[in-house]
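*Asks:* Can you read through this structure? Questions will come right after.
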Protein chains: 2
Amino acid sequence: MTLLLDALAAAIGRANVLTGDDAAPYLTDWRKRYVGRALAVARPANTAEVAAVVRECVAARAPMVPQGGNTGLVGGGTPDDSGRAVVISLQRMKRVRSLDLANDTVTVEAGCVLQEVQQAARAGGRLFPLSLAAEGSATIGGNLATNAGGVQVLRYGNARDLTLGLEVVLADGEIWDGLRGLRKDNTGYDLKHLFIGAEGTLGVITAATLKLYPLPAAQMTALAAVPSLACATRLLERSRAAAGAALTAFEVMGAITLQHAVETLPALRMPLPLGEPWYALLELSDAEGEQHATSVLERVLAGAMDAGEIADAAVASSIAEARALWRLREGIPEAHARRGGNVKHDVSLPVSCIAEFVESTNAALRRRFAWIEPIVFGHLGDGNLHYNMGTVAGTPIEVAFAHEQAINDLVHDAVHARSGSISAEHGLGQLKRGAIVRYKPAVELELMRRIKRALDPLGLMNPGKVI
Amino acid sequence: MTLLLDALAAAIGRANVLTGDDAAPYLTDWRKRYVGRALAVARPANTAEVAAVVRECVAARAPMVPQGGNTGLVGGGTPDDSGRAVVISLQRMKRVRSLDLANDTVTVEAGCVLQEVQQAARAGGRLFPLSLAAEGSATIGGNLATNAGGVQVLRYGNARDLTLGLEVVLADGEIWDGLRGLRKDNTGYDLKHLFIGAEGTLGVITAATLKLYPLPAAQMTALAAVPSLACATRLLERSRAAAGAALTAFEVMGAITLQHAVETLPALRMPLPLGEPWYALLELSDAEGEQHATSVLERVLAGAMDAGEIADAAVASSIAEARALWRLREGIPEAHARRGGNVKHDVSLPVSCIAEFVESTNAALRRRFAWIEPIVFGHLGDGNLHYNMGTVAGTPIEVAFAHEQAINDLVHDAVHARSGSISAEHGLGQLKRGAIVRYKPAVELELMRRIKRALDPLGLMNPGKVI
């Protein structure tokens, strides 16, 4: 294998082929659930170098693991422990290749951090709306490989929906230049959608042409206390009808989830008493201005109050207050982590099933595990819940971890029974590659296998992930 | 082949296996450019019958041509003249399977006419926004197979973007049930995007779960006279910035195109003098009401007037007036047809290239063909032009048809040089299957071929189309 190391060094420079301690940060996922080994970590600087690395790996029959910011949650970017794989890190490919304001597009390389893409758009007076907790370190290439979601999917869609074109290094080292900035192009099979969300198992995404939007003139944020998830669903419907596409986020958080957050992170403040079981965070992005946004939001909230859909509401009256409301939502994962974690599920359901799903699945879990405590939050507007399970006071979280598989199976079976998804936005990676076989129709798994064989006949692209 | 006819009759009833004169309407496309032959036309009533038809065809190695409303423009639904194919008409599969208002989704069978889908949504107080000239006879299955576009793509996307789930009968007769109503689902390769836009070459779409939207409270329409396409592009940018997602259509029409339309169709009236070279048709869909929509639209138009982007504008003050403005736009294809047709191109470009493309391509065409007259209109908001070529007064249109190939090559080369698409919304079918080989990278064609072989190894699904 030193032959391959030499070939990689010849292709991209020895300084960009990391081994030993230098490689270590690339071999563990950030939640520290997976630790792999690798022959080397290759850090190519451009598309031609990625192609050269892939060709050398193919020649040596070495498995390849593409990696972006290494912020994934399912081990999709971590190699197995065989030590044979080459991790291909895209982090050096950071160019914004072009910004076309009249076309509302930007073309960026895969290693650009999501926040850098947002900033490049903003510098041109445009919005790139993909937004998620890890945006300060996740790369756009990783966002695309996992079809990232986040908090504005309700309005702007997933990473997939924001992509017009891709450049991909294929499994044989050929480069597919599909970097088109077109809203309409019906000239054959849509290949970009095959690579987006494939978690690097069909090729290496090296660049993308992305959609931009006008910057909103104003954003208004409110937190509403809701008596039930059913009420939250009705509030969502009311908000969409009144605000149309101006409704850019609709999040829900359980009272227990918020209570843990404010207890654990002293910087967080609840602007309302924690007296209702659920809280909804609404964001309006308005093309006109603050006054108009305020009038729409207040009309929605007044109507919801009259209809009994909400018990109370706080509207942020400054950017600082709006940020404080968002910090409540964004602080939840950190608060969870500080409290020792919990058993996590990233599920989606038809919005019409969410309230019934939570009620009956909570009850089923409590019947089986008397110590369980649901710690739920998520993107109600997209039918996506982070339906996580902790333990009641007095029971250490380790008890939940000891029953993780049983909890997962119960939750995922309940999701499947309602035609939901067991991985709404995080992907399959290593974590759910086995579980998905339990739920996907055999016909669909077979289609996936045929596509994998057609595009990666040697099976070298990120083996052991997805399929 | 009578064996296959008997087998089809046994599977779906002899009355639903058409031959001879009964089959004739299915063997010609509606523009009468393609006339094919077929062993039979099968009209299955449900998904199981489609699967049975496919299995019998596979057993007999008979090619299959899926067909919806037979309104396609590229011969994608017409069989070749071998007489061996079985046309599979989906027209009997017309059920609305379910309407989920809280989830904003509807599940319909492929043979539902687009207008029926729109009506089912409207009956539930929702909008299904796909809208195009043939909506009274085109089926949703055909819309999906061709990834139809239309007039509201600017806001809601193409047919692809409106689809959450699909049911497909695969090339071997297996049924893939991918009918999910989920906004987020990252559990493997996105198969639905492979079948959408594949024009029936990978399988037969039998049903779909589609996204619905709130009905707008009001719609406002205006026609603006613009001194140039560059001004129209700036007006588009201004409108998007001011109205955000409320801008649901932005069409442009050349003055000559409009002049032909009003001369040919007496029912059409121009509300403005035909003194400027271009006219833009804007539509705002407002979540609040008419008063708000009017104020936004008037602000946009006043600003554009001050900036010199428009010379004049007419705002529809009633639904009847709005319909009259839209009829100007919608009457164009009929007016073209009555005047003997023209040489058509359905191209898309980055919006930033449109003005320069039209100017320089018009000039190049006129240098080569002194008698040529551009008759251009299209969806500027999507960068999609119907860049059609007629002849000046005194020159019969047959002269243009005699030079069709040379005109096509000049136009398509100019589109390709600007990274555009030679088929924005109509697909490839038979018409552009050859042309695309001139423009697609070899790597991309090879990927398409590999996918075709993986999903349809016998090559029986709509052969001779797309690839």
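The values are calculated or read from the model by the stated rules, or taken from the named source; none is laboratory data. Note that the structure is a prediction, hence the values are computed from the model and not measured. Positions of Cβ are backbone-derived with ideal geometry, glycine not excepted, and every protein chain shown enters the neighbour counts. Quick note on the areas: whole protein, heavy atoms, side chains included, nothing else; ligands and nucleic acids left out. Shrake-Rupley method; radii C 1.70, N 1.55, O 1.52, S 1.80 Å.
*Asks:* Regarding B:A224, is this residue within 30 Å of B:V315 (Cα to Cα) and modelled with pLDDT of 95 or more?
*Replies:* yes
*Asks:* Determine, yes or no, whether A:A261 is among the small types (G, A, S), touching a Gly at 6+ places or on another chain (Cβ under 7 Å) and modelled with pLDDT under 95.
*Replies:* no
*Asks:* Another question about this same structure. Considering only the range A:346-360, I want to know if a residue exists there that is open to solvent by 40 Å² or more (accessible area, probe 1.4 Å), farther than 19 Å from A:A249 by Cβ and either among the charged types (D, E, K, R) or in contact with a Leu (Cβ under 6 Å, 6 or more places away or on another chain) (or both).
*Replies:* yes
*Asks:* Taking the residues in the range B:246-263 that are of a type outside the set (A, V, I, L, M, F, W, C) and within 14 Å of chain A (Cβ to nearest Cβ) as candidates, determine which candidate is farthest from B:S295 (Cα to Cα).
*Replies:* Filtering first and then ranking leaves B:E251.
*Asks:* Moving on. Scan the range A:136-151 for residues that are in a loop (DSSP other than H, G, I, E, B) and over 11 Å from the mean Cα position of the chain (by Cα) and jot them down.
*Replies:* Going residue by residue through the range A:136-151, those that are in a loop (DSSP other than H, G, I, E, B) are A:136-138, A:146-149, A:151.
Selection gives A:G136, A:S137.
*Asks:* Collect the residues in the range B:287-313 that are of a type in the set (A, V, I, L, M, F, W, C), open to solvent by 20 Å² or more (accessible area, probe 1.4 Å) and not in a loop (DSSP other than H, G, I, E, B), keeping them in residue-number order. Before the answer, list the steps.
*Replies:* The first filter runs over the range B:287-313 and keeps only residues of a type in the set (A, V, I, L, M, F, W, C), leaving B:287, B:293, B:296-297, B:300-302, B:304-305, B:307, B:310-311, B:313.
This time we only want the ones that are open to solvent by 20 Å² or more (accessible area, probe 1.4 Å), so: B:287, B:302, B:305, B:307, B:311, B:313.
Matches in the range B:287-313: B:A302, B:M305, B:A313.
*Asks:* In the range B:373-398, what residues are under 26 Å from the mean Cα position of the chain (by Cα) and more than 14 Å from every other protein chain (Cβ to nearest Cβ)? It would help to see each step written out before you state the result.
*Replies:* Within the range B:373-398, the subset under 26 Å from the mean Cα position of the chain (by Cα) is B:373-391, B:397.
Listed by number, the residues that qualify are B:E373, B:P374, B:I375, B:V376, B:F377, B:N388, B:M389, B:G390, B:T391, B:I397.
*Asks:* So which residues in the range A:28-55 are assigned to a loop (DSSP other than H, G, I, E, B) and either among the β-branched types (V, I, T) or surrounded by fewer than 22 Cβ atoms within 10 Å (Cβ to Cβ) (or both), if there are any at all?
*Replies:* A:W30, A:R31, A:K32, A:R33, A:Y34, A:G36, A:R37, A:A45, A:N46
*Asks:* Could you count how many residues in the range B:407-430 are aliphatic (A, V, I, L, M), in contact with a Phe, Trp or Tyr (Cβ under 8 Å, 6 or more places away or on another chain) and closer than 24 Å to B:D29 by Cα?
*Replies:* Count: 2.
*Asks:* All but one of (1) closer than 27 Å to A:A145 by Cβ; (2) of a type outside the set (D, E); (3) in a loop (DSSP other than H, G, I, E, B); (4) open to solvent by less than 10 Å² (accessible area, probe 1.4 Å) hold for B:T209; state the number of the condition that does not hold.
*Replies:* B:T209 satisfies all of (1) closer than 27 Å to A:A145 by Cβ; (2) of a type outside the set (D, E); (3) in a loop (DSSP other than H, G, I, E, B); (4) open to solvent by less than 10 Å² (accessible area, probe 1.4 Å) except (3).
*Asks:* Report yes if A:S352 is within 14 Å of another protein chain (Cβ to nearest Cβ), in a helix (DSSP H, G or I) and touching a residue at least 12 places away in the same chain (Cβ under 8 Å), otherwise no. Working first, answer last.
*Replies:* Values: within 14 Å of another protein chain (Cβ to nearest Cβ): yes; in a helix (DSSP H, G or I): yes; touching a residue at least 12 places away in the same chain (Cβ under 8 Å): yes.
The answer is yes for A:S352.
*Asks:* Would you check which residues across the range A:107-141 are of a type in the set (S, T, N, Q) and free of Cβ contacts under 8 Å to residues at least 24 places away in the same chain and list them?
*Replies:* Kept after step one, since they are of a type in the set (S, T, N, Q), are these residues of the range A:107-141: A:107, A:115, A:118-119, A:131, A:137, A:139.
Selection gives A:Q115, A:Q118, A:Q119, A:S131.
*Asks:* A further question on this structure: Restricting attention to the range A:157-175, and to residues there that are in contact (Cβ under 8 Å) with a residue 40 or more places away in the chain and farther than 22 Å from B:Y156 by Cα, which single residue is nearest to the other protein chains (Cβ to nearest Cβ)?
*Replies:* Here the answer is A:E174.
*Asks:* Could I ask something else about it? Do we find that A:A60 is modelled with pLDDT of 95 or more, out of contact with any Ser or Thr (no Cβ under 9 Å at 6 or more places or on another chain) and open to solvent by less than 40 Å² (accessible area, probe 1.4 Å) in this structure?
*Replies:* Criteria met by A:A60.
*Asks:* Specify the residue that is farthest from B:L380 (Cα to Cα); the eligible residues are those in the range A:68-121 that are in a loop (DSSP other than H, G, I, E, B), among the polar types (S, T, N, Q) and open to solvent by 10 Å² or more (accessible area, probe 1.4 Å).
*Replies:* A:S82
*Asks:* I'd like to know if the range B:133-155 contains one or more residues that are more than 7 Å from every other protein chain (Cβ to nearest Cβ), within 25 Å of A:D104 (Cα to Cα) and hydroxyl-bearing (S, T, Y).
*Replies:* no
*Asks:* While we're on this one: Anything in the range A:1-53 that is modelled with pLDDT of 95 or more and among the basic types (K, R)? List them, or say none.
*Replies:* Listed by number, the residues that qualify are A:R14, A:R37, A:R43.
*Asks:* Considering (1) out of contact with any Pro (no Cβ under 7 Å at 6 or more places or on another chain); (2) closer than 30 Å to A:L447 by Cα, say which one B:L460 fails and leave the rest.
*Replies:* Result: B:L460 fails condition (1) only.
*Asks:* Moving to a separate point now. Can you go through A:D100, A:D104 and tell me which one is at the interface with chain B (Cβ under 10 Å from one of its Cβ atoms), in contact with a Lys or Arg (Cβ under 7 Å, 6 or more places away or on another chain) and in contact (Cβ under 8 Å) with a residue 40 or more places away in the chain?
*Replies:* A:D104
*Asks:* Which ones in the range B:176-193 are open to solvent by 30 Å² or more (accessible area, probe 1.4 Å) and facing chain A (nearest Cβ under 7 Å)? Please lay out each step first, then the result.
*Replies:* Going through the range B:176-193, the residues open to solvent by 30 Å² or more (accessible area, probe 1.4 Å) turn out to be B:177, B:179-180, B:183, B:185, B:192.
Selection gives B:D177, B:R180, B:R183, B:D185.
*Asks:* Could you check the range A:246-270 and list, in sequence order, the residues that are farther than 30 Å from B:R122 by Cβ and part of a helix (DSSP H, G or I)?
*Replies:* Residues satisfying the conditions are A:A255, A:I256, A:T257, A:L258, A:Q259, A:H260, A:A261, A:V262, A:E263, A:T264.
*Asks:* Filter the range B:161-175 for residues that are charged (D, E, K, R) and open to solvent by 20 Å² or more (accessible area, probe 1.4 Å) and give the result.
*Replies:* B:D161, B:D172, B:E174
*Asks:* Read through the list (1) open to solvent by less than 50 Å² (accessible area, probe 1.4 Å); (2) touching a residue at least 60 places away in the same chain (Cβ under 8 Å); (3) closer than 22 Å to B:P66 by Cβ, then give the number of the only condition that B:V376 fails.
*Replies:* (3)
*Asks:* Ok, one more. Any chance the range B:355-364 includes a residue that's under 18 Å from the mean Cα position of the chain (by Cα) and either among the aromatic types (F, W, Y) or closer than 14 Å to B:Y387 by Cα (or both)?
*Replies:* Scanning the range B:355-364, I find no residue that is under 18 Å from the mean Cα position of the chain (by Cα) and either among the aromatic types (F, W, Y) or closer than 14 Å to B:Y387 by Cα (or both), so the answer is no.
*Asks:* In the range A:212-245, how many residues are farther than 30 Å from A:Q67 by Cβ, more than 9 Å from chain B (Cβ to nearest Cβ) and outside any strand (DSSP E or B)? Step through it out loud before you land on a result.
*Replies:* Looking only at the range A:212-245, we keep the residues that are farther than 30 Å from A:Q67 by Cβ, and these are A:214-245.
Now narrow it down to the ones that are more than 9 Å from chain B (Cβ to nearest Cβ): A:218-232, A:235, A:238-239.
Filter once more, so that each one left must be outside any strand (DSSP E or B): A:227-232, A:235, A:238-239.
So the answer is 9.
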